[in-house]
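**Student:** First, the structure itself, so that you have it in front of you.
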Amino acid sequence: MAEVKVKPEVPDPMDIENRIIELCHQFPHGITDQVIQNDMPHMEAQQRAMAINRLLSMGQLDLLRSNAGLLYRIKESQNASKMKGSDNQEKLVYQIIEDAGNKGIWSRDIRYKSNLPLTEINKILKNLESKKLIKAVKSVAASKKKVYMLYNLQPDRSVTGGAWYSDQDFESEFVEVLNQQCFKFLQSKAEAARDSKQNPMIQRNSSFASSHEVWKYICELGISKVELSMEDIETILNTLIYDGKVEMTIIAAKEGTVGSVDGQMKLYRAVSPLIQPTGLVRTPCGLCPVFDDCHEGGEISPSNCIYMTEWLEF
C-alpha cells in the first residue's frame, strides 16, 4: 500500500506572534532566535522572520545586541514605566483617561466610571498632571469645564473648536474675512471665464474651482495665523452655499488627483441670482438648510433659533 504523506498544517501568523510575545514575558531580559526556534521547531525560518519583523514594526518588541547575539525583548511603553509604583486607584483613573482618547473626559465622568470619591480623584489627577502623564484642556462646549487626556495627545477639534476658536472665543471677524476672500476668488474665476468669450458650456465649466485651489489661494494670502486644512475651507464654502452665493458640484476624479477624496472632487463656483429674492425668502427660514428638521419642542426650533433672533434684532 502506498504511503500517504500528510501536509503539515501552516500555523496562523497571529498565533506565532502571540507565542513570541508570551516567550518574551516569560524571559523579561530578552530571548534569542534560538529560543523561538526551540519552542516552535516545525516553523519555517521565513515565517519566524516575518512574525518578528511585524512585531518590531508595530513597536511591540525591542531589538537589542548582546554577547549571545540579537535579543528580542518586550517593549515597555514610557507611560507604563512611569506608572510603576502607582497604586491601583491611580492606574484605574489613568486607564479611564486613556480610553477617552483625544476627546478627553470630564472629572465627573471619571468619578462615575471609577466609583472613587471626588476628593480622591482630584488628588490623583494632580499627581498624574505633575508626572506629565495627562493634561487638562478647556473645552469650547463648556468654557468653565476641563477635560483630561493623555499628555502627548493632540485635542480633537470638537474640544478646541479648530481654527475658528481662540482661547474658547469664536473668531467671527476671522471667519468673515475668510468668507469674503473665498467668495472673491470664486468671483474672479467666474469673471475670467466670462471674459474668455468661449461658448457658454466651456465658460460654465471653467468658472468652477476645487476646494484645493481655494485652499491654496487662502494659504498664499497669508491672512491666517493658524494652519488651515481643506476641511476648514470647505466649511467656509458651505456657508457661502447657504447664503446663495456659491453652488457646488461633485465630479469623479482619478485616484491620487490633488484635492480628490475617495475618487470624488468637490467643485465650487460663484453664482448671481437672476432676480432679487422676495421678502419671505430673505428670512432665515427661506434659506435654512435644516428647515425640514425644525419644529417646536425639537433640538432645532423657532424658539431657540439664533438666526431668527439676529434677523429680528436687525
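**Student:** Between a first residue in the stretch 104-128 that is under 13 Å from LYS91 (Cα atoms) and a second residue that is of a type in the set (Asp, Glu) and part of a helix (DSSP H, G or I), which pairs have beta carbons less than 6 Å apart while being 6 or more apart in sequence or on different chains?
**Tutor:** Correct list of pairs: ILE124/GLU90.
**Student:** Consider TYR165 carefully, then state whether it is surrounded by 12 or more Cβ atoms within 10 Å (Cβ to Cβ), of a type in the set (Phe, Trp, Tyr) and more than 30 Å from ASN102 (Cβ to Cβ).
**Tutor:** Answer is no for this residue.
**Student:** Six or more apart or on different chains, Cβ atoms under 9 Å: show the pairs whose first residue is in the stretch 35-60 and under 16 Å from LEU23 (Cβ atoms) and whose second is among the small types (Gly, Ala, Ser).
**Tutor:** ILE36/ALA51; GLN37/ALA45; MET43/ALA51
**Student:** Still on this structure, I have one more. Quick check on the stretch 131-151: of everything there that is part of a loop (DSSP other than H, G, I, E, B) and modelled with pLDDT of 80 or more, which residue is surrounded by the most Cβ atoms within 10 Å (Cβ to Cβ)?
**Tutor:** Among those that are part of a loop (DSSP other than H, G, I, E, B) and modelled with pLDDT of 80 or more, it is LEU133.
**Student:** When the residues of the stretch 217-228 are narrowed to those that are surrounded by 13 or more Cβ atoms within 10 Å (Cβ to Cβ) and free of Cβ contacts under 8 Å to residues at least 40 places away in the same chain, which ends up farthest from LYS266 (Cα to Cα)?
**Tutor:** CYS219
**Student:** If you scan the stretch 288-314, which residues turn out to be at pLDDT 80 or above, charged (D, E, K, R) and either open to solvent by 100 Å² or more (accessible area, probe 1.4 Å) or within 15 Å of TYR242 (Cα to Cα) (or both)?
**Tutor:** ASP292, GLU296, GLU299
**Student:** Within the stretch 177-190, how many residues are farther than 20 Å from LYS266 by Cβ and open to solvent by 90 Å² or more (accessible area, probe 1.4 Å)?
**Tutor:** Residues flagged as farther than 20 Å from LYS266 by Cβ and open to solvent by 90 Å² or more (accessible area, probe 1.4 Å) within the stretch 177-190 amount to 1.
**Student:** Among the residues of the stretch 35-59, write down those that are surrounded by 15 or more Cβ atoms within 10 Å (Cβ to Cβ) and under 34 Å from the mean Cα position of the chain (by Cα).
**Tutor:** If the condition is that a residue be surrounded by 15 or more Cβ atoms within 10 Å (Cβ to Cβ) and under 34 Å from the mean Cα position of the chain (by Cα), then ALA51, ILE52, ARG54, LEU55 are the ones that fit.
**Student:** Could you tell me whether the stretch 243-256 includes any residue that is within 27 Å of GLY162 (Cβ to Cβ), assigned to a loop (DSSP other than H, G, I, E, B), more than 29 Å from the chain's Cα centre (by Cα) and at pLDDT 80 or above?
**Tutor:** Looking through the stretch 243-256, at least one residue is within 27 Å of GLY162 (Cβ to Cβ), assigned to a loop (DSSP other than H, G, I, E, B), more than 29 Å from the chain's Cα centre (by Cα) and at pLDDT 80 or above.
**Student:** Could I ask something else about it? Which of the residues belonging to the stretch 194-216 are surrounded by 19 or more Cβ atoms within 10 Å (Cβ to Cβ) and in contact with a Ser or Thr (Cβ under 9 Å, 6 or more places away or on another chain)?
**Tutor:** PHE208, SER210, TRP215
The values are calculated or read from the model by the stated rules, or taken from the named source; none is laboratory data. Small disclaimer: the values here were computed from a predicted structure and weren't measured. With ideal geometry, Cβ positions are generated from the backbone for all residues, glycine too; neighbour counts draw on all protein chains shown. Accessible surface is based on the protein model in full, side chains and every heavy atom, while ligands, DNA and RNA are left aside. Shrake-Rupley method; radii C 1.70, N 1.55, O 1.52, S 1.80 Å.
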